[in-house]
Ligand SMILES: NC(=O)c1ccc[n+]([C@@H]2O[C@H](COP(=O)([O-])OP(=O)(O)OC[C@H]3O[C@@H](n4cnc5c(N)ncnc54)[C@H](O)[C@@H]3O)[C@@H](O)[C@H]2O)c1
């Protein structure tokens, strides 16, 4: 039985994680913690899942790694600077030199737990070097506070690095005059367009264009349930990851 704790247990994602964990025969929902609850309830968990807020997650992470707990993080806001900060926190938390490797702390930060979204990013990365142009359009519900989405920014970075590795520069673009924002945000040279629309959940298209052809890779999260298979893979797989910080679900999906 894997003992699972949830941070942000009363939130939209945290409550669904709790419900999902409860339904698994091999998992035990050992602690549910939200604002106002003591984190001490997490002591003894094999893994803690954090779906809180960008403002709260680093303090939670610091507490968990000091307590020697493995952590799966879904909370957004992990840009390069925050990933470095998290890595330093995890590496400095404790001296594990005298304990066996299976007892070292593992932390997995996954910007997107949807298996389809992870595959969409991977396919975009693979396709990027074959086309002159690549742009990303992400579409989300109107309550989303950040733009572009972390997934879109990561997709753009992956496309940019695949193009750079193939010796390709920016795509052709003759725009000389434009309204501010008309060409979207630019992440590592890749244009990213954000749509916010009531009724949507989380969607993304990667548009690739070349000689007389285009390729569109589209992913749609239609329900928060789409994140749960990935969360379960992370919860069950974290003990097999190397000690320290891992970013992305790719390794556990055999895509690394
Ligand atoms: N990685 C992914 O695949 C994925 C998918 C969906 C959402 N998210 C991210 O997950 C996070 C949570 O999303 P949500 O929609 O569930 O938000 P939410 O606002 O519904 O829930 C957040 C919960 O965290 C609680 N909380 C805040 N600070 C806390 C603290 N210090 N300790 C314990 N609990 C605390 C809040 O009270 C709330 O109940 C967001 O950052 C969101 O962007 C990630």
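Computed from the coordinates by the stated procedures, all read-outs in this text should not be read as laboratory data. Remember, it's a predicted structure, so these values are computed and weren't measured experimentally. Note: ideal-geometry Cβ built from the backbone for every residue, glycine included; neighbour counts use all protein chains shown.
Here are the numbers:
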| read-out | value |
| --- | --- |
| Cα gyration tensor, the stretch 202-256 - rounded (a/c under 1.5), prolate or oblate | oblate |
| Pair residue 56, residue 133: separation of 7 Å Cα→Cβ label points (nm) | 4.4 |
| Per-selection Kirkwood Rh - the stretch 5-124 (Cα, Å, 1 d.p.) | 15.1 |
| Where a label projected 7 Å from the Cα of residue 218 along Cα→Cβ would reach, residues of the stretch 170-208 with amide N under 19 Å | 192-208 |
| The chain: mean projected area of Cα convex hull, nm² | 15.4 |
| Cα centroid separation - the stretch 189-256 against the stretch 24-68, whole Å | 24 |
| Gyration tensor verdict on the stretch 5-52 (Cα atoms; rounded if a/c is under 1.5, prolate if a/b is larger than b/c, oblate otherwise) | oblate |
| Crossing angle, helix 228-237 versus the chain [Cα axis fit, 0-90 degrees, rounded to tens] | 50 |
| The stretch 60-151: relative contact order in percent, alpha carbon pairs under 8 Å with at least 6 residues between | 34 |
| The stretch 115-177 - Rg and Dmax from Cα coordinates, angstrom | 13.2, 39 |
| Computed [θ] at 222 nm, helices only, for the chain once each DSSP H run of length n ≥ 4 contributes -39500 (n - 2.57) | -9000 deg cm²/dmol |
| Residue among 141, 211, 191 with the largest mean-square fluctuation in a Gaussian network model of the chain, springs linking Cα atoms under 10 Å | 211 |
| Degrees between helix 115-127 axis and first principal axis of the chain (Cα, 0 to 90, nearest 10) | 40 |
